[in-house]
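What follows is a short report on a single structure.
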Amino acid sequence: MSFFRNHNNSKINHVNRSIALITNYAPQDVISEEFRTLRTNILYSNADKQIKTLVFTSAGPGEGKSTVSSNVAVTFADQGLKTLLVDADMRKPVIDATFAIENINGLSDFLSQRISDLNMAIRQTSINNLYVLPTGHIPPNPAELLSSKRMAALIAMLEDSFDLVIFDLPPLINVTDAQILASQTDATVLVVPYGIAEKAMVNEAKTLLNKVHANLIGAVMNRVPKSERHQYYGKYYGKY
């Protein structure tokens with residue numbers, strides 16, 4: 001089965017610079033290089049098994065997880081890996097705005113069986129090797145959809161069709177969506193914004209991931225001031 005068509009059979013030609021997709025519009029920028037270093041750290045974080053499905057989440061809202069997941073997706077695609085970015089935040093999606101695509105049919109529509117053909121939902125972007133699956137319609141029951149047998153079957157299908165599938169998920173605190181999907185995927189990265197994240201909330205997020213036996217491979221500290229940056233996009237902390 002092919003998942004690579006969009007509605008008008010053409011690539012999405014533009015991305016939204018306001019969402020800070022810097023790895024696309026400024027690939028030579030130092031921050032873009034830091035994202036590539038983050039990509040390398042992720043690739044080598046799990047020596048015993050290739051990471052095929054990767055989750056990005058955070059403790060609380062507005063902490064930059066979608067910006068990080070989108071830019072990391074671009075760096076993997078640039079390396080030649082056929083990459084799918086899935087907006088699994090069915091409560092407050094932003095990936096469609098990042099890549100300037102219509103959020104009509106998407107993940108929720110496939111899981112709720114409003115559509116049966118993923119060709120109606122997965123979009124090829126103007127970035128080589130990068131595809132996007134938006135959320136689709138906002139459902140009343142995101143957690144139930146993510147924990148369904150249809151979601152498990154979808155993950156297996158996507159693993160067969162792509163080199164890497166990246167899931168952008170809601171924050172861990174207050175909703176169970178991220179826990180559910182983190183327990184079904186190969187690896188999870190926690191995004192921790194400099195000067196914003198509270199230590200207690202980060203520890204709680206880590207505890208929630210541990211409860212479902214998620215493979216938490218590390219955390220990335222973003223929004224680090226230029227004066228305090230060292231090597232890459234903030235700092236990447238390996239396995240806890």
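The values are calculated or read from the model by the stated rules, or taken from the named source; none is laboratory data. Predicted model, so just to flag it, every value in this text is computed and none were measured. For neighbour counting, all protein chains shown are included, and Cβ atoms are generated from backbone atoms with ideal geometry for every residue, glycine included.
Conditions (1) among the aromatic types (Phe, Trp, Tyr); (2) crowded, with 24+ Cβ neighbours inside 10 Å; (3) farther than 17 Å from Asn24 by Cα; (4) more than 15 Å from the chain's Cα centre (by Cα), marked per residue:
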residue	(1), (2), (3), (4)
Glu63	no, no, yes, no
Ala73	no, yes, no, no
Thr98	no, yes, no, no
Asn119	no, no, yes, yes
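Taking the condition more than 27 Å from Ser108 (Cβ to Cβ), crowded, with 18+ Cβ neighbours inside 10 Å and either at pLDDT 90 or above or among the acidic types (Asp, Glu) (or both), does Ala219 pass? It is true that Ala219 is more than 27 Å from Ser108 (Cβ to Cβ), crowded, with 18+ Cβ neighbours inside 10 Å and either at pLDDT 90 or above or among the acidic types (Asp, Glu) (or both). Among the residues of the stretch 35-92, the ones that are of a type in the set (Gly, Ala, Ser) and assigned to a loop (DSSP other than H, G, I, E, B) come to 8 in all.
Mind telling me which of the residues Leu145, Leu172, Leu158, Leu154 ends up being in contact with a Ser or Thr (Cβ under 7 Å, 6 or more places away or on another chain) and within 27 Å of Lys82 (Cβ to Cβ)?
Values: Leu172 fails: within 27 Å of Lys82 (Cβ to Cβ); Leu158 fails: in contact with a Ser or Thr (Cβ under 7 Å, 6 or more places away or on another chain); Leu154 fails: in contact with a Ser or Thr (Cβ under 7 Å, 6 or more places away or on another chain).
Matching residue, one of Leu145, Leu172, Leu158, Leu154: Leu145.
As for the stretch 122-132, it holds at least one residue that is without any contact (Cβ under 8 Å) to a residue 60 or more places away in the chain and either surrounded by fewer than 20 Cβ atoms within 10 Å (Cβ to Cβ) or among the acidic types (Asp, Glu) (or both).
Mind listing just one residue for me: the one in the stretch 150-175 that is touching an Asp or Glu at 6+ places or on another chain (Cβ under 9 Å) and in a loop (DSSP other than H, G, I, E, B) and, of those, surrounded by the most Cβ atoms within 10 Å (Cβ to Cβ)? That would be Leu169. Restricting the stretch 101-117 to residues that are charged (D, E, K, R) and in a loop (DSSP other than H, G, I, E, B), the residue that is surrounded by the most Cβ atoms within 10 Å (Cβ to Cβ) is Arg114. Look at the stretch 96-113: where a residue is touching a residue at least 60 places away in the same chain (Cβ under 8 Å) and among the hydrophobic types (A, V, I, L, M, F, W, C) and a partner is assigned to a helix (DSSP H, G or I) and surrounded by fewer than 17 Cβ atoms within 10 Å (Cβ to Cβ), sitting 6+ places away or on another chain with Cβ atoms under 9 Å, you get Ala97/Ser18. If you go through the stretch 176-199 one residue at a time, how many are surrounded by fewer than 20 Cβ atoms within 10 Å (Cβ to Cβ) and under 13 Å from Ser58 (Cα atoms)? Of the residues in the stretch 176-199, 5 are surrounded by fewer than 20 Cβ atoms within 10 Å (Cβ to Cβ) and under 13 Å from Ser58 (Cα atoms). Which residues, taken from the stretch 133-149, are closer than 16 Å to Asp168 by Cα, surrounded by fewer than 20 Cβ atoms within 10 Å (Cβ to Cβ) and in contact (Cβ under 8 Å) with a residue 40 or more places away in the chain? Within the stretch 133-149, Ile138 is the sole residue that qualifies.
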